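Written below as structure tokens is the structure these notes are about.
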Amino acid sequence: IGGTFSRLLYIFKLVWETQPILLIFMLLMTIYNGVMPLVGTFISAHLLDRVVQSFTSDVNLVIPLVLQFGFLFLNTLTDSLYNMVIRITGENVTNHVKNKIMQKAKTVDLASFDMPDFYERLENANREAGVRPVNILRSSFDLVSRVISMVSYFTVLGVVIRVLPKSSIIFFIGFLAFTLLNAIVSFRFRRKNFLFMFRRSKD
């Protein structure tokens, strides 16, 4: 865990050195992406309530439909903007890291390039510079967004679950167990993929 956080902080530092405003934007989008699913749920619930009420009484559906459309449009717009910023960040970080690699390569003697350990690190850094730092950063921010969403939903469910039957609680616990199992399997195979690439690079 300590090694993971130290590397994560180093990646934060790399992006901050490249362009601080991009990192700030990604942090703001993390909070936005964590809160918006719950907002969307409330908007959809309000629309469904109005639709059900329209069968028995004269209810205006224009405002709920406008809210739903506005929410979907805003999500599409922000997703496009976020993906664009991620691409720009990736290009900037790639240039920054490759520049650091070239500066480092100038300071070592030629014999170092014949050493497998050194050349392995150099090749891994050069190959992964354009993809790995931004992907790790994006995955970390996505994880934080999911935690924010989960806490928000748990808060709402904590209120709702008091009036639900016991079968709903069992389903809820089963859902959490399945999510945890999925995370474990994903981590295991991603780790195997990383170790395969890392060990084969020397060869």
*About the Cα centre of the range 1-159, what is the dipole size in debye to 20, counting +1 per Lys and Arg Cβ and -1 per Asp and Glu Cβ, all else neutral?*
260 debye
*What is the extension gain from Asn126 to Phe172, computed as 0.36 nm multiplied by their sequence separation minus the C-alpha to C-alpha distance, in nm to one decimal?*
12.1 nm
*On Cα atoms only, tilt of 116-128 relative to the major axis of the chain in degrees*: 40 degrees
*Quick one: accessible area per residue over the chain, 1.4 Å probe, rounded to a whole number of Å²?*
73 Å²
*How much accessible area does Tyr10 have with a 1.4 Å probe, in Å² rounded to the nearest 10?*
120 Å²
*In deg cm²/dmol, rounded to 500, what helix-only [θ] at 222 nm does the chain give when every DSSP H run of at least 4 residues adds -39500 (n - 2.57) and the total is split over its residues?*
-31000 deg cm²/dmol
*For Gln19, which sequence-distant residues (separation of 5 or more, or a different chain) have an amide H within less than 5 Å of its own amide H, given hydrogens modelled in the peptide plane?*
none
*Working from Cα positions, state the angle (0 to 90°, nearest 10) between the long axis of helix 62-107 and the longest principal axis of the chain.*
10 degrees
*Pairwise FRET efficiency - Arg146 versus Lys13, Cβ, R0 = 25 Å, nearest 0.05*: 0.55
_With Cα atoms, 0 to 90° folded angle of helix 132-160 axis to the chain main axis_ = 20 degrees
*Could you please state how large a percent of the accessible area of the range 1-108 is carbon and sulfur, counting protein chains only and using a 1.4 Å probe?*
70 percent
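The values are calculated or read from the model by the stated rules, or taken from the named source; none is laboratory data. What you are looking at is a predicted structure, and each value in this text was computed from that prediction instead of being measured. Heads up, the Cβs are rebuilt from the backbone with ideal geometry, glycines too, and the neighbour counts pull from every protein chain shown. Heavy atoms of the whole protein, side chains included, go into the accessibility calculation; ligands, DNA and RNA do not. Shrake-Rupley method; radii C 1.70, N 1.55, O 1.52, S 1.80 Å.
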